[in-house]
Amino acid sequence: MKKLQELHVAKSAIGDAAAMRLSDIAYERILESLFERKVPVGAFISQNELSAIVDVPVAPLRDALRVLEAEGILTIHPRSGIQFVRPGMELTRSTYQFRSIVERAAIRVFAEEGDEHLMNALEVRHSRLIRQLERNGIGPEQLLETDALELELHGEIIKALRNPLIDSAYKRMHNYLRLLRLERKVTTPILVRTLKEHLDILEACSTRDADAAEKALIAHFQAAVQRNLGLV
């Protein structure tokens, strides 16, 4: 009898772990579907429809939806459907307010303690991409490299704080950034300006000038807000 109980407990634990993995998969696939525009921004959709899109059963899907609702990506309407957030002025303001609070502290540490080789490597990659964009315009490779540089630069700035709680919160915040960019028009001049703003930050950091680095970061965020609101 005892062995049967132990076997039942073990099977239950395995089942819980499998369900947890499926909910994690559902979480990632829902975001991927949103960012790849398989689910339109601001869409209202049923759980069954979303389950078919992400190819995950409804039960683990519900677990993922509750997490995403808590993170502000969507709203669950009982017996009705799921409403995905539509980027707008309020989400833009909140996102960049959070980024400014966290990164202004982080950039000063990064400027004073960051790895010089990393800074130099990022400067080289930014300069190379700017030349490619000015010469050939936007292509899939240039868009991928732009996204990679955005993630790497700001990620390294955040890492300078060595705070796992901030790391975790910043990763969730990055989902909001990706949402904002879904409705942003991308042109060669806009990308070049963004990359040059990054270079201003890196150049200040490479001279260990924390004040200049913070000033360049603030200017970058102010310009980014205007770009996301379609003002420039």
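The figures follow:
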quantity: Residues of segment 94-153 satisfying the condition of being touching a Ser or Thr at 6+ places or on another chain (Cβ under 9 Å), over 25 Å from T188 (Cβ atoms) and open to solvent by 20 Å² or more (accessible area, probe 1.4 Å); calculated: E116, N120
quantity: Residue list for segment 180-200, filter: among the hydrophobic types (A, V, I, L, M, F, W, C), surrounded by 15 or more Cβ atoms within 10 Å (Cβ to Cβ) and within 20 Å of the chain's Cα centre (by Cα); calculated: L180, L182, I190, L191, L195
quantity: Filter pass, R172 being open to solvent by 50 Å² or more (accessible area, probe 1.4 Å), in contact (Cβ under 8 Å) with a residue 24 or more places away in the chain and under 17 Å from F98 (Cα atoms); calculated: yes
quantity: Qualifying residue in segment 59-66 (condition: farther than 15 Å from S23 by Cβ, charged (D, E, K, R) and free of Cβ contacts under 8 Å to residues at least 40 places away in the same chain); calculated: no
quantity: Test: residue in segment 53-63 that is open to solvent by less than 50 Å² (accessible area, probe 1.4 Å) and either charged (D, E, K, R) or at pLDDT 95 or above (or both); calculated: no
quantity: Looking only at segment 69-90, and only at residues there that are in a helix (DSSP H, G or I) and over 24 Å from A26 (Cα atoms), the one that is least open to solvent (accessible area, probe 1.4 Å); calculated: E90
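The values are calculated or read from the model by the stated rules, or taken from the named source; none is laboratory data. Only a predicted model underlies this, so the values are computations on that prediction, with no experimental measurement involved. Note: ideal-geometry Cβ built from the backbone for every residue, glycine included; neighbour counts use all protein chains shown. Accessible surface areas use protein heavy atoms only, side chains included; no ligands, DNA or RNA. Shrake-Rupley method; radii C 1.70, N 1.55, O 1.52, S 1.80 Å.
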